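A quick write-up on the structure given underneath.
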Amino acid sequence: MPLDLNFIVRNLPLFGRGLIVTVELSLLAIGLAMAWGLVVAFGRMARVRWLRTVAGAYIELVRDTPVLVQMYFIYFGFSMAGFGMSGFLSGLLALSLQNGGYIAEIYRAGIESISVKQVEGGKALGMSRWDVMSIVVLPQALVRVISPLANQFIVIIKDTSLVSAIAVAELTQIGKLLTERSAASYEVFLTIAVLYLMMTGIVSGLSRLAERQFAIYH
């Protein structure tokens, strides 16, 4: 059966609506996961033993369970507890919590790659522990983890497709509805694949650009 380009063109507005939701969800999840990951990373490296233990257990929990299961748990579990959330918020929370665990480990690897001599030098200059971390260590660490962070961002973008399971009208859900209505599954999912490739390609391109821009700091 030949590819029906007219079908794709006619339904571009629908694909566009789904794409907007996917982009919104991806950007919010990336921002929240980055912020939460930093909190967890600091907990993982804390001097207090119980805090390190809690942060380590959290990382293992979110990394060793499927994000779809976490979405179901949040979406249905919170509803049963009387704190029902929309599918969008449930998916956003699940994506942020799980990827925050992965990003915490990325941060930790970057921070621990910074020479101890730089930390000692900062303290010798009279800088507080927080100043050393925020001014000396973190900027260098973030530059060193651009590539793994970009890979995690791509994972987040692709995992947004899973929120279709809790009735969020993002790109994949729109594709399912179009397929049920028209049976043009090839055209639908080819278009969706191209749109996902565009999004992940942008992230990959920006990552390479950033790596070249900050190569001097490696």
For the stretch 53-76 the number of residues that are assigned to a helix (DSSP H, G or I), exposed (fewer than 13 other Cβ atoms within 10 Å of the Cβ) and not aliphatic (A, V, I, L, M) is 1
Would you say residue 136 is without any contact (Cβ under 8 Å) to a residue 60 or more places away in the chain and surrounded by 13 or more Cβ atoms within 10 Å (Cβ to Cβ)?
yes
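Looking only at the stretch 23-41, decide whether some residue is among the hydroxyl-bearing types (Ser, Thr, Tyr), under 12 Å from residue 99 (Cα atoms) and in a helix (DSSP H, G or I). Give the derivation first.
Residues of the stretch 23-41 that are among the hydroxyl-bearing types (Ser, Thr, Tyr), as a first pass: 26.
The next check asks that each one be under 12 Å from residue 99 (Cα atoms); those that pass are 26.
Going one step further and asking which of them are in a helix (DSSP H, G or I), we end up with 26.
Yes, the conditions are met somewhere in the stretch 23-41.
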Subset tally (residues that are of a type in the set (Gly, Ala, Ser), without any contact (Cβ under 8 Å) to a residue 40 or more places away in the chain and assigned to a helix (DSSP H, G or I)) for the stretch 168-192
1
Among the numbered criteria (1) of a type in the set (Gly, Ala, Ser); (2) in contact (Cβ under 8 Å) with a residue 12 or more places away in the chain; (3) surrounded by fewer than 16 Cβ atoms within 10 Å (Cβ to Cβ), which single criterion is violated by residue 79?
(2)
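Filtering the stretch 1-52 down to residues that are among the aromatic types (Phe, Trp, Tyr) and surrounded by 11 or more Cβ atoms within 10 Å (Cβ to Cβ), which residue is farthest from residue 129 (Cα to Cα)?
So, considering only residues that are among the aromatic types (Phe, Trp, Tyr) and surrounded by 11 or more Cβ atoms within 10 Å (Cβ to Cβ), the one farthest from residue 129 (Cα to Cα) is 7.
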Within the stretch 151-173, does at least one residue satisfy the condition of being farther than 19 Å from residue 19 by Cβ and of a type in the set (Lys, Arg)?
no
Taking the criterion of being modelled with pLDDT of 95 or more, polar (S, T, N, Q) and closer than 17 Å to residue 91 by Cα, would at least one residue in the stretch 159-166 satisfy it?
no
Can you tell me which residue in the stretch 86-128 is modelled with the highest pLDDT, limited to those that are surrounded by 15 or more Cβ atoms within 10 Å (Cβ to Cβ) and outside any helix (DSSP H, G or I)?
114
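The values are calculated or read from the model by the stated rules, or taken from the named source; none is laboratory data. Small disclaimer: the values here were computed from a predicted structure and weren't measured. Backbone-built Cβ (ideal geometry, glycine too); neighbour counts: all protein chains shown.
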